[in-house]
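A quick write-up on the structure given underneath.
The values are calculated or read from the model by the stated rules, or taken from the named source; none is laboratory data. Keep in mind the model is a prediction, meaning the values are calculated, not measured. Ideal geometry is used to build each Cβ from the backbone, glycine not excepted, and the neighbour counts take in all protein chains shown. Each accessible area value is taken on the protein alone, full model and side chains, heavy atoms only, with ligands, DNA and RNA left out. Shrake-Rupley method; radii C 1.70, N 1.55, O 1.52, S 1.80 Å.
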Amino acid sequence: MAVTRTFSIIKPDATRRNLTGAVTKMLEEAGLRVVASKRIQMTRQQAEGFYEVHKERPFYGELVDFMVSGPVVVQVLEGEDAVKRNRDVMGATNPADADEGTIRKAYAESIEANSVHGSDSDENADKEIRFFFDEDELVG
Ligand code: ADP
Ligand code: MG
């Protein structure tokens, strides 16, 4: 299987509870390597742009409010079949549906404040990485 990259966000509910390390540990234990990482305060404009695909969904406004409510950690993760590997360790969007051993089962507070974002395809991973990182920030 090919080594690929995906994009991850440790969301404000997790940074607020000092879970940056705990979440990253689960990502690493799942076979993913953090090849770029930075803690940022997302601007409203960034959050709106990043979640543009969800613009028509009823929770869009609240989601943007949540994503700017505190710092996030944006990361590029590398590993075999990274997109799927990350989605598997993240767990279902709604923590009530998430499997044991997943990040959202362990840490998510609600369907909205669900601790992590992960790209859903190689194409979106590429777009999302470029949304937050310059090429020279992907240090390996
Ligand atoms: P995922 O993050 O699992 O890929 P989606 O892409 O469907 O899920 O949704 C993006 C984000 O929007 C979710 O991670 C969550 O923070 C938020 N969200 C999704 N569904 C809801 C909902 N019904 N109510 C509130 N927030 C939601
Ligand atoms: Mg999604």
Check V76, V83, V89 and return the single one that is modelled with pLDDT of 95 or more, under 12 Å from the mean Cα position of the chain (by Cα) and outside any helix (DSSP H, G or I). V76
Filter segment 8-24 for residues that are assigned to a strand (DSSP E or B) and either open to solvent by 40 Å² or more (accessible area, probe 1.4 Å) or closer than 10 Å to L77 by Cα (or both) and give the result. S8
Of (1) within 16 Å of ligand 2 (Cβ to nearest atom); (2) under 14 Å from the mean Cα position of the chain (by Cα), Y107 fails just (1)
When restricted to V64, V53, the only residue within 15 Å of ligand 2 (Cβ to nearest atom) and open to solvent by 40 Å² or more (accessible area, probe 1.4 Å) is V53
Only one of (1) open to solvent by less than 40 Å² (accessible area, probe 1.4 Å); (2) among the small types (G, A, S); (3) closer than 24 Å to E135 by Cβ does not apply to S37, and that is (1)
For segment 80-104: of the residues being small (G, A, S) and away from ligand 2 (no atom under 12 Å from the Cβ), which is surrounded by the most Cβ atoms within 10 Å (Cβ to Cβ)? A82
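Out of R57, R104, R5, I need the residue that is outside any strand (DSSP E or B), touching a residue at least 12 places away in the same chain (Cβ under 8 Å) and either out of contact with any helix residue (DSSP H, G or I) (no Cβ under 7 Å at 6 or more places or on another chain) or within 20 Å of A125 (Cβ to Cβ) (or both). Which one? Talk me through it step by step, then tell me what you get.
On the way: R57 fails: touching a residue at least 12 places away in the same chain (Cβ under 8 Å); R5 fails: outside any strand (DSSP E or B).
Going through R57, R104, R5 in turn, the sole match is R104.
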Among (1) among the hydrophobic types (A, V, I, L, M, F, W, C); (2) touching a residue at least 60 places away in the same chain (Cβ under 8 Å); (3) open to solvent by 20 Å² or more (accessible area, probe 1.4 Å) - the single one L27 does not satisfy: (3)
